[in-house]
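Below is one structure; the comments refer to it alone.
The values are calculated or read from the model by the stated rules, or taken from the named source; none is laboratory data. Model, not experiment: these values are computed from the prediction. Every residue, glycine as well, gets a Cβ built from its backbone with ideal geometry; the counts of neighbours run over all protein chains shown. Ligands, DNA and RNA are excluded from the accessible area calculation, which covers all protein heavy atoms including side chains. Shrake-Rupley method; radii C 1.70, N 1.55, O 1.52, S 1.80 Å.
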There are 8 protein chains.
Amino acid sequence: MAKVAIVMGSTSDWPTMQQAAKMLKAFGVEFEARVVSAHRTPNLLVEFAESAADEGFSCIIAGAGGAAHLPGMIAAHTHLPVFGCPVKSKALNGLDSLLSIVQMPKGVAVGTLAIGEAGAANAGLLAAQVVALQDDSVKEAIIAFRQNQTDTVMQNANLELDE
Amino acid sequence: MAKVAIVMGSTSDWPTMQQAAKMLKAFGVEFEARVVSAHRTPNLLVEFAESAADEGFSCIIAGAGGAAHLPGMIAAHTHLPVFGCPVKSKALNGLDSLLSIVQMPKGVAVGTLAIGEAGAANAGLLAAQVVALQDDSVKEAIIAFRQNQTDTVMQNANLELDE
Amino acid sequence: MAKVAIVMGSTSDWPTMQQAAKMLKAFGVEFEARVVSAHRTPNLLVEFAESAADEGFSCIIAGAGGAAHLPGMIAAHTHLPVFGCPVKSKALNGLDSLLSIVQMPKGVAVGTLAIGEAGAANAGLLAAQVVALQDDSVKEAIIAFRQNQTDTVMQNANLELDE
Amino acid sequence: MAKVAIVMGSTSDWPTMQQAAKMLKAFGVEFEARVVSAHRTPNLLVEFAESAADEGFSCIIAGAGGAAHLPGMIAAHTHLPVFGCPVKSKALNGLDSLLSIVQMPKGVAVGTLAIGEAGAANAGLLAAQVVALQDDSVKEAIIAFRQNQTDTVMQNANLELDE
Amino acid sequence: MAKVAIVMGSTSDWPTMQQAAKMLKAFGVEFEARVVSAHRTPNLLVEFAESAADEGFSCIIAGAGGAAHLPGMIAAHTHLPVFGCPVKSKALNGLDSLLSIVQMPKGVAVGTLAIGEAGAANAGLLAAQVVALQDDSVKEAIIAFRQNQTDTVMQNANLELDE
Amino acid sequence: MAKVAIVMGSTSDWPTMQQAAKMLKAFGVEFEARVVSAHRTPNLLVEFAESAADEGFSCIIAGAGGAAHLPGMIAAHTHLPVFGCPVKSKALNGLDSLLSIVQMPKGVAVGTLAIGEAGAANAGLLAAQVVALQDDSVKEAIIAFRQNQTDTVMQNANLELDE
Amino acid sequence: MAKVAIVMGSTSDWPTMQQAAKMLKAFGVEFEARVVSAHRTPNLLVEFAESAADEGFSCIIAGAGGAAHLPGMIAAHTHLPVFGCPVKSKALNGLDSLLSIVQMPKGVAVGTLAIGEAGAANAGLLAAQVVALQDDSVKEAIIAFRQNQTDTVMQNANLELDE
Amino acid sequence: MAKVAIVMGSTSDWPTMQQAAKMLKAFGVEFEARVVSAHRTPNLLVEFAESAADEGFSCIIAGAGGAAHLPGMIAAHTHLPVFGCPVKSKALNGLDSLLSIVQMPKGVAVGTLAIGEAGAANAGLLAAQVVALQDDSVKEAIIAFRQNQTDTVMQNANLELDE
């Protein structure tokens, strides 16, 4: 069965990136999460990215903050689809992370999600949507999740003015 | 065989978005390009997005500029993976397009590429990378493209000082 | 009598959007507040926007955050005036919300207010100003509110240096 | 019949602001265009804004660039709805104009449109949408315009790859 | 003797603007502080600005936040030098205030200081520097303040590493 | 009689900075323009700024682009009022120049004008407004200029739609 | 032995700048930390920068916030390499500091590090890397630090989902 | 003798990056320029960076645009000092390049210069300043260049008003 890799530059990115993991888990998609730092473990990055296809991964979700080079560098070493998650940074709130990830030159692509937890969750969802192209049970789980999400919005709308 | 849809808000986006088409063509991936405007043809958007899976598309590439709602609204109406291309806008150079596309809330995902032509080309590449998960000839074409790209860089480096 | 709709993408927008409601209430303008999510309930959005005129609404106030597509998409489905409220977002403080709402292409208009609570209150005021074109009691209430606002500024100015 | 005022800080804003005029003209809405500068003719501004309702205007469209104070200052002197158009500025491409117009404090509202010509056209459309609340011929003209706009998108889509 | 006016859009600006007052007080420059809102008391603004020279003020310090029109509008109604203080705003941290104040068109000038308390204090200093052109005791006080400031930096440098 | 210094970091700033000179000339205020570079002639900067008061200058106008340190460094070496002009820069259009000039820390003030030519002209106007506090002929010239400016706006408004 | 100077505009910058000191200490590189303010002690700045080479320093690390002129002005007075640290500022989170430091004109260079503590630490590292060109023990210490950093990442990756 | 490497992501960066080369040449510092792309030749990057010290380079100057990963990734693979040049990008004028290069996390440093040609020239200057720590002839050349630069400013100031 298809398997998704979740990598991040630092354990401090895990509170954000586990949103991707939770989403994948909810859809029944297998995943592995690892710390791989573009700057501190650059050789591990190469090794990981070059073997990811052979390890059986179908997609790679990569999250990093600041001068966030991890998603783009992984994409440079694999033909698998890579989805990038800009982690919120201290000074610039993730605008640096976003631009560092999304503004890739022609020829190496990173599908980038929103800054922070919402984006990480959506990376999990998007990876599941890719997996669903080959797996009907994941497709059904996504359709059910989306329907449930719609139903929740339509039931919960209790809008009363504060005093 | 897998087929990719390329949609855009206006024919004026085509010079940008045809970069996606050219990339898909280079990899031998079938595609269809259409104008679907979130704001001017909103019902067509719903109709297109809701039937895209049944029409046999595997991925949707959507490009728009300014308050760019097309990619996110298509994603809201389909379980297929959607890749968004921020088209360069007149006043803000595509920063508005980028933020309008990438900052999606949790639950509906758009994998966003760079502003302008490089991003559109990479949307084609990323869609091909997704198709390649099920199609070895596309996978081989991508690997060859990437190798060729590497070779070109390594041969072309003629760096002489201007007088 | 004229009625104003207040819609928002999520109940989490209500603390902001109820400022619009309070303003309308203060002017004696009838309103209804609903949660309608562009991304999570896209069909409800179409249904709501297409029937809003027939339901007797004169204006629609729509608030959303991040990649805020709600105001523009509602405007795409109705000929009623739409006023947009950029809700403050987590990472980018509502700059993304603002650009996603205000930078609409020619042909579909959203009158956009300031980011956050002040903007939501002003959406209520602006909608009341539109209603006042046909309703003298609302017009008088607005004129009185503005006069009162002026008086308050002129009476309250106690400016003493802290020690 | 309802009449709309179009004011701008300088004749140099007219190439932008005439888009509003053209839109109103297309819908058969009467309008008057004037130069009123917040900074160079501040007394004229007060006089204009305070008499606009009595002159028979229903809405005011105001455009300005840079530290764009015209729309907000007009709104401070009238209870009529004011729509603001950020004119593209030399150094900052209208981002300064946009923030100067849209970020109004609670209590005085300006419904703001996009930077530049698209926004000016939409100010005309939005003012017409307000007028249409009391004028069925304008309402019909808007509905026809929107339908025509939809039809144009759906017919014009000739998307062929450049060589 | 020369007198400086300090005006601000709201009492909520006083914690910032009193820094200007404190600076003037420290230099022995007479000042008066008032709340004058561009948007909520526009007629008071005109009255204040037009009579400021006759009231004996030499400079006007004006502070406001968000779409900050106060400094520029005061400058439009007087030939006295006007110094503008961008007050930190909720959503955009005063970037909107800064651009709304500083980006004045040719012909009406506002000398703008930094966002927040440092800028307000410096507005007081700058006004005192202007007053000092005609008042030797203020000039001496400024020179002494600057010398003292220099001395303080040179004495206080206790730089030890935290454990 | 009072005299104003205009300094700039490079002769390439002169097309911008001469707007200040022209404004002063129009008001009959004596001025001297010099190139003084914070980075390339730092000792000249110190010498110029420390002797400016003794040379008989009343105000200093300083223009620079990019990491624009000239206005602030001159202010650090004199008790005279300093007005700063952010020159438009190549990559960031003067946003870097603006922030480098305006965001001065408490204790050393620079009254900052708009980016580019409008700001330079206004620096000349503001310096003249300061000079006018002691010179009635300059005051009259400013009042006449402002009245003329008002008259020009009110006469020139030829607003006709393009075909 | 080579010695590095760490200077900063204010003692309030020390919590940030001591990260540079700690890094140098860890590599066994001698350093001296001083407060030198571009704006409040401009003559001390000149004196310090002009004598730094003779005092035996090989590199200078300079940190400042807001309109941060210290690094560039020091660079203007010495031929030693200068590394600049943008300290996080109150209103703009250090974006102003960054642009004020990095956007130097051709002819005077500042090697700029990231905003805040990470950048200050890296200024220490970069200075040590320069020292290491002439000092094998520092070179070995850097190589060991980097290896240790790699090892730490590879051992610490405990990634478990929160409940 | 010390040697400096100049690397860049693409031959299209050479017009910018040759400014570094020209500066080094002017100081008599030996250099080699190569195209090494982080994304298109990632293995060449590793190979180059890991062998740079053994090849006899003392510093590495790296330039790239957009999501500019080259400088940071080279720094991750070497203990030599790395100086980064943000090349001006199409949509965002190099702001993306700047943030991608400068916002490095603690532990891997890149000394970043200004966006575009001025920054590239300064990278050459800064590298020469590092080389000069061990090479008196380069030191003398830098001191002469700086003196010459000062003299040029002081002689060239021909400031006459345009008609």
Query raised in the report: Within the bounds of region E:20-29, is there any residue that is at the interface with chain C (Cβ under 10 Å from one of its Cβ atoms), in contact with an Asp or Glu (Cβ under 7 Å, 6 or more places away or on another chain) and open to solvent by less than 10 Å² (accessible area, probe 1.4 Å)?
Result: no
Query raised in the report: Any chance region G:89-100 includes a residue that's at positive phi and open to solvent by 10 Å² or more (accessible area, probe 1.4 Å)?
Result: yes
Report task. Could you check D:A127 against (1) facing chain C (nearest Cβ under 10 Å); (2) open to solvent by 10 Å² or more (accessible area, probe 1.4 Å); (3) under 18 Å from the mean Cα position of the chain (by Cα) and say which number it fails? Result -> (2)
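Every residue in region F:79-88 that is without any contact (Cβ under 8 Å) to a residue 40 or more places away in the chain and surrounded by fewer than 24 Cβ atoms within 10 Å (Cβ to Cβ), please. It would help to see each step written out before you state the result.
Step one: list which residues in region F:79-88 are without any contact (Cβ under 8 Å) to a residue 40 or more places away in the chain, which gives F:79-80, F:82, F:84, F:86.
Of everything in region F:79-88, those that are without any contact (Cβ under 8 Å) to a residue 40 or more places away in the chain and surrounded by fewer than 24 Cβ atoms within 10 Å (Cβ to Cβ) turn out to be F:H79, F:L80.
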Requested in this report: For region F:65-77, enumerate the residues that are open to solvent by 10 Å² or more (accessible area, probe 1.4 Å) and touching a residue at least 40 places away in the same chain (Cβ under 8 Å).
Outcome: F:G65
Report summary line: The lone condition F:T11 fails out of (1) open to solvent by less than 10 Å² (accessible area, probe 1.4 Å); (2) within 24 Å of H:T16 (Cβ to Cβ); (3) among the polar types (S, T, N, Q) is (1)
Report task. Would you check if G:I142 is more than 10 Å from chain H (Cβ to nearest Cβ), over 25 Å from A:G94 (Cα atoms), of a type in the set (V, I, T) and not in a loop (DSSP other than H, G, I, E, B)? Result -> no
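Could you say which residue among E:E55, E:E32 is surrounded by fewer than 24 Cβ atoms within 10 Å (Cβ to Cβ), among the acidic types (D, E) and either within 15 Å of the chain's Cα centre (by Cα) or within 14 Å of chain C (Cβ to nearest Cβ) (or both)? Can you show your working first?
Working: E:E55 fails: either within 15 Å of the chain's Cα centre (by Cα) or within 14 Å of chain C (Cβ to nearest Cβ) (or both).
The conditions single out E:E32.
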Query raised in the report: Looking at this structure, is A:E50 more than 10 Å from chain G (Cβ to nearest Cβ), surrounded by fewer than 24 Cβ atoms within 10 Å (Cβ to Cβ) and touching a strand residue (DSSP E or B) at 6+ places or on another chain (Cβ under 7 Å)?
Result: no
Report summary line: Of those in region G:130-139 that are facing chain H (nearest Cβ under 7 Å) and in contact with a helix residue (DSSP H, G or I) (Cβ under 6 Å, 6 or more places away or on another chain), the residue farthest from G:L92 (Cα to Cα) is G:K139
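State whether one or more residues within region G:122-133 are over 24 Å from H:A53 (Cα atoms) and of a type in the set (A, V, I, L, M). It would help to see each step written out before you state the result.
Initially, region G:122-133 is screened for residues over 24 Å from H:A53 (Cα atoms), giving none.
The answer is no; no qualifying residue exists.
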Query - Tally of residues being within 21 Å of H:V29 (Cα to Cα), open to solvent by less than 10 Å² (accessible area, probe 1.4 Å) and at the interface with chain G (Cβ under 7 Å from one of its Cβ atoms) across region H:101-122 - result: 5
Query raised in the report: Is there a residue being of a type in the set (V, I, T) and under 27 Å from F:I142 (Cβ atoms) anywhere in region F:50-60?
Result: yes
Report task. Test D:V4 against the criterion of being within 14 Å of D:V138 (Cα to Cα), buried (at least 23 other Cβ atoms within 10 Å of the Cβ), aliphatic (A, V, I, L, M) and more than 7 Å from every other protein chain (Cβ to nearest Cβ), and give yes or no. Result -> yes
Query raised in the report: Does H:L159 count as open to solvent by less than 50 Å² (accessible area, probe 1.4 Å), at pLDDT below 95 and either among the aromatic types (F, W, Y) or more than 19 Å from the chain's Cα centre (by Cα) (or both)?
Result: yes
Report task. Any chance you could count how many residues in region H:77-100 are more than 9 Å from chain G (Cβ to nearest Cβ) and in a helix (DSSP H, G or I)? Result -> 4
**Report entry** region H:60-76, residues that are under 14 Å from H:H39 (Cβ atoms), in contact with a strand residue (DSSP E or B) (Cβ under 7 Å, 6 or more places away or on another chain) and away from chain B (no Cβ under 13 Å)
**Finding:** H:A62, H:P71, H:I74
